[in-house]
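Below is one structure, written out as structure tokens; comments come after it.
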Amino acid sequence: MRELIPLLIAHGALIVFLVTLAARAGAPLPAAPLLVVAGGISMAGQVSLAVCLVASVVANVLGDAVWYQAGRWRGHRVMKLLCRISLSPDTCVRQSEGILSRWGGSSLIAAKFLPGISVVAAPMAGALGMSWPRFIGYDIGASLIWTLAYLAVGIAFAGQIVVVLDVMTEFGSIAVVAIAIGLATMIVYRYLRRRWMLSDRYAPRIAVHELRELIRRGESPIVIDVRSSVAMLQDGRRVPGAMVATLAQLPATAQTLPRDREVVLYCNCPNEVSALRGVRILADLGHHRARALHGGLDAWLEIEAVSPLGQLPASLDQSPMSTIAFGSESAR
């Protein structure tokens with residue numbers, strides 16, 4: 001770890017720029033700790049604080065701009081790709097949608113400090129149609145705040161930084177093993193939790209062809225779109241006749257659902273996590289015939305493009321519940 005200091009002294013802003021740019025691109029590099037060290041050693045006059053600040057802000061904006069444009073180009077698919085390579089792929093999109101819908105452009109500031117969300121915020125802003133000038137303005141402000149925060153920590157603890165690096169150097173192998181064990185434990189825990197959520201023991205699923213067969217037989221399954229308002233703005237398509245109810249609205253919606261009919265929930269999130277959570281919500285409220293649509297909206301649209309089934313029963317499409325849920329959600 002002590003080698004970090006001569007590396008920064010020798011190459012200064014270039015190291016800050018390259019590491020920060022790679023981190024904004026999604027690489028698991030320690031950009032924040034590097035800024036802390038840069039702030040600390042800048043007090044000795046060995047690196048320029050101002051140059052490191054500019055290098056970090058420029059790297060942040062450049063990296064975010066690439067993802068922003070990708071979001072404008074490919075929208076939700078880009079974010080699903082990013083979330084699949086994160087440690088929390090099943091909740092990444094949903095959490096970033098919630099943050100951006102509540103806070104708007106200022107969410108770019110908060111996202112800088114939230115692991116797993118920081119890389120997704122920029123393409124999310126692009127997918128929602130935020131203008132280039134507005135995005136650049138917010139992102140410069142967010143990058144400046146983020147950089148100054150970590151540089152300030154380094155300045156405040158300049159004397160202790162060298163001591164900490166010395167200790168980590170002395171106990172280098174022990175520190176590496178401890179960090180590796182901690183990281184491995186976290187990865188295994190998240191993997192096992194995801195496997196549990198993807199199993200039928202957590203919530204049952206239904207395939208698209210099974211849902212289509214129920215409709216053909218005239219069993220009138222109740223289909224509910226549980227996507228967030230942000231997701232619907234990105235992709236307005238939905239299963240014909242489907243009701244609209246977010247996870248927050250689902251408990252109220254459940255009170256009007258008949259218990260003698262099949263209920264199918266869908267989303268367009270990784271691993272159908274929102275639909276699975278919705279099934280659990282309904283099960284807890286006594287609706288045990290609810291299932292999540294395997295593959296979500298994308299799977300339905302893919303099959304419909306080849307073999308259109310047509311409109312769901314009129315009684316479902318004209319349900320007052322559908323109009324009320326969609327109207328309240330759209331108004332947010």
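Values computed for the structure shown
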| quantity | calculated |
| --- | --- |
| Within the stretch 249-283, tally of residues that are without any contact (Cβ under 8 Å) to a residue 40 or more places away in the chain and either out of contact with any helix residue (DSSP H, G or I) (no Cβ under 9 Å at 6 or more places or on another chain) or not assigned by TED's automatic domain parsing to the domain that holds residue 230 (or both) | 4 |
| Matching residues, the stretch 216-227, being out of contact with any Leu (no Cβ under 6 Å at 6 or more places or on another chain) and surrounded by 22 or more Cβ atoms within 10 Å (Cβ to Cβ) | 222, 223, 225, 227 |
| Residues within the stretch 245-280 that are under 18 Å from residue 298 (Cβ atoms) and of a type in the set (Ser, Thr, Tyr), tallied | 2 |
| Unmet criterion (only one of (1) at pLDDT 70 or above; (2) under 30 Å from residue 61 (Cβ atoms)) for residue 183 | (1) |
| Every residue from the stretch 254-304 that is aliphatic (A, V, I, L, M), out of contact with any strand residue (DSSP E or B) (no Cβ under 6 Å at 6 or more places or on another chain) and over 22 Å from residue 237 (Cβ atoms) | 254, 257, 281, 283, 285 |
| Residue match in the stretch 90-100 (condition: outside any helix (DSSP H, G or I) and at pLDDT 70 or above) | no |
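Residue by residue, here is whether (1) surrounded by 20 or more Cβ atoms within 10 Å (Cβ to Cβ); (2) at pLDDT below 85; (3) within 20 Å of the chain's Cα centre (by Cα) holds:
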| residue | (1), (2), (3) |
| --- | --- |
| 3 | no, yes, no |
| 6 | no, yes, no |
| 12 | no, yes, no |
| 22 | no, no, yes |
| 39 | yes, no, no |
| 44 | no, yes, no |
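The values are calculated or read from the model by the stated rules, or taken from the named source; none is laboratory data. Treat the numbers as computed from the prediction; the structure is a model and nothing was measured. Using ideal geometry, Cβ is built from the backbone for each residue, glycine included, and neighbour counts are taken over all protein chains shown.
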